[in-house]
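Student: Below are the C-alpha cells for one structure; questions will follow.
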Amino acid sequence: MSDKADSGKSYHLKCTGAALETANAHSDPTANITLFGSCFCPFVQRAWVAFEYLGIDYYVNEVDPYKKPAELLQVSPKGLVPGLKLNNYHPPRSVNESTVIIEFLEDIAATTTTKKGFLPPVTDPYARALIRLQADHVNRSLVPAFYRFLQSQDEEKQISSGKEFLESIEGLVKLFERAEQGSDSKFGLWREDGELSLADVMAGPWIFRATNALEYYKGFKYPPGPKFQAYVNRLVSHPAFAKTCSTRELYIDSYERYAYNRPNTSQVANAINSGRGLP
Ligand SMILES: N[C@@H](CCC(=O)N[C@@H](CS)C(=O)NCC(=O)O)C(=O)O
C-alpha cells in the first residue's frame with residue numbers, strides 16, 4: 001500500500017505555521033490558566049480549539065509528554081497532555097483529560113464571557129443529546145479506528161483497518177444526518193450554516209490528521225462526494241480550528257513513529273497494540 005520506509009523521524013517539539021503564531025500570542029506565563037500541550041497532539045488540539053473559540057485567556061506551555069517533566073505530572077497524573085494548571089489558586093489546581101477540559105472551559109465561559117458553548121441551550125435537551133451521541137461515537141469508535149489504521153503494518157490489516165476507519169466516518173455521518181433531521185438546532189458544522197459543536201471539536205483533530213498523516217502514510221482518501229468534503233473544509237477553515245493547526249510537515253514527521261508502529265511509541269499506541277482501551 002505504501003512504498004515509503006521508516007526514516008527514523010522524531011516528533012516535533014514546537015508548533016509551526018498558524019499554531020505557532022497563536023502560541024506566540026499566548027506566551028505570557030502570568031495568565032490565569034496554563035495549557036500544557038504538545039504541537040502534534042490531537043487531544044491537545046481539542047482543548048486549544050475550545051480556548052480559542054470561547055475566548056478564554058491562557059498561556060501555552062509546550063512540553064514533551066514522553067519525557068514527562070515534573071510540572072506536567074503535577075497537573076496530569078499519567079503525564080498525558082493536555083493538562084491545565086489554574087494559576088490563581090494556592091496550592092495550584094489542575095484539570096486534565098481533553099473531554100473534561102472542554103466542559104470545564106465551557107463552564108468558565110458560561111459565567112465570564114458572552115460566548116455560547118458547543119451545545120444547544122439546556123432548554124433543548126434532545127438536540128444536546130443528539131450532539132453528545134456524535135461525540136460519544138468519536139471517542140469510542142473514530143479515535144481508536146484512526147490509530148488502528150495508522151499503526152497497521154501488513155497489507156491485510158491495512159485493508160481491514162482502513163475499512164473500519166471509513167465505516168466509523170460513515171457512522172458519524174449517519175449521526176450528523178439524524179441530528180439534522182431530528183432537531184432545528186444550528187449546532188454542528190455538518191450544516192452549511194452550523195456553529196462549531198462539541199462533536200466538531202472532539203472529532204476535528206483526527207478528521208484533520210486523516211488529511212495529512214493518514215493520507216501520506218496509508219493513502220487514505222475521504223469518501224467521494226461533495227458533502228463530507230465540504231464538512232472537512234468548513235472544519236479546518238473555522239477560525240478557532242485553523243489557528244491551532246501547524247503545517248502539514250509537522251504532522252507527517254510526528255506520526256512516522258505511529259505509521260511504522262515503532263515499539264513504545266506512546267501510551268495510545270501501546271493500548272492499540274495490546275487491544276486495551278485508550279489512556
Ligand atoms: N485521554 C487523554 C489522552 C491524551 C494523550 O494520550 N496524549 C498524548 C499525546 S497525543 C500523550 O500525552 N502521550 C504521552 C505518553 O504516551 O506517555 C485525553 O483525552 O486528554
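Student: If only one of Ala210, Ala259 is touching a helix residue (DSSP H, G or I) at 6+ places or on another chain (Cβ under 6 Å) and within 16 Å of the ligand (Cβ to nearest atom), which one is it?
Tutor: Ala259 is the lone residue from the list that is touching a helix residue (DSSP H, G or I) at 6+ places or on another chain (Cβ under 6 Å) and within 16 Å of the ligand (Cβ to nearest atom).
Student: Now for a separate question. Considering segment 207-231 alone, what residues qualify as being among the small types (Gly, Ala, Ser) and under 22 Å from Tyr260 (Cα atoms)?
Tutor: Correct list: Ala210, Ala213, Gly219.
Student: Also, I was wondering about something else. Do we find a residue being open to solvent by less than 60 Å² (accessible area, probe 1.4 Å), of a type outside the set (S, T, N, Q) and over 24 Å from Glu103 (Cα atoms) anywhere in segment 230-242?
Tutor: yes
Student: So which residues in segment 243-256 are within 21 Å of Thr22 (Cβ to Cβ) and either open to solvent by 50 Å² or more (accessible area, probe 1.4 Å) or away from the ligand (no atom under 14 Å from the Cβ) (or both)?
Tutor: Passing the criteria: Lys243, Cys245, Thr247, Arg248, Glu249, Ile252, Asp253.
Student: Any idea how many residues of segment 1-43 are touching a Gly at 6+ places or on another chain (Cβ under 8 Å) and in contact (Cβ under 8 Å) with a residue 60 or more places away in the chain?
Tutor: 2
Student: Considering Gly188, Gly171, Gly182, Gly204, which residue is free of Cβ contacts under 8 Å to residues at least 40 places away in the same chain and open to solvent by less than 40 Å² (accessible area, probe 1.4 Å)?
Tutor: After applying the criteria, what remains is Gly171.
Student: Related question: Would you confirm, using the coordinates I've provided, whether Ser160 is hydroxyl-bearing (Ser, Thr, Tyr) and either touching an Asp or Glu at 6+ places or on another chain (Cβ under 7 Å) or in the same structural domain as Ile207 (by TED's automatic domain parsing) (or both)?
Tutor: Judged against the criteria, Ser160 is a match.
The values are calculated or read from the model by the stated rules, or taken from the named source; none is laboratory data. Here the structure is a predicted model, which means the values were calculated and not measured. Heads up, the Cβs are rebuilt from the backbone with ideal geometry, glycines too, and the neighbour counts pull from every protein chain shown. Protein only, heavy atoms only, side chains kept; ligands, DNA and RNA dropped before computing areas. Shrake-Rupley method; radii C 1.70, N 1.55, O 1.52, S 1.80 Å.
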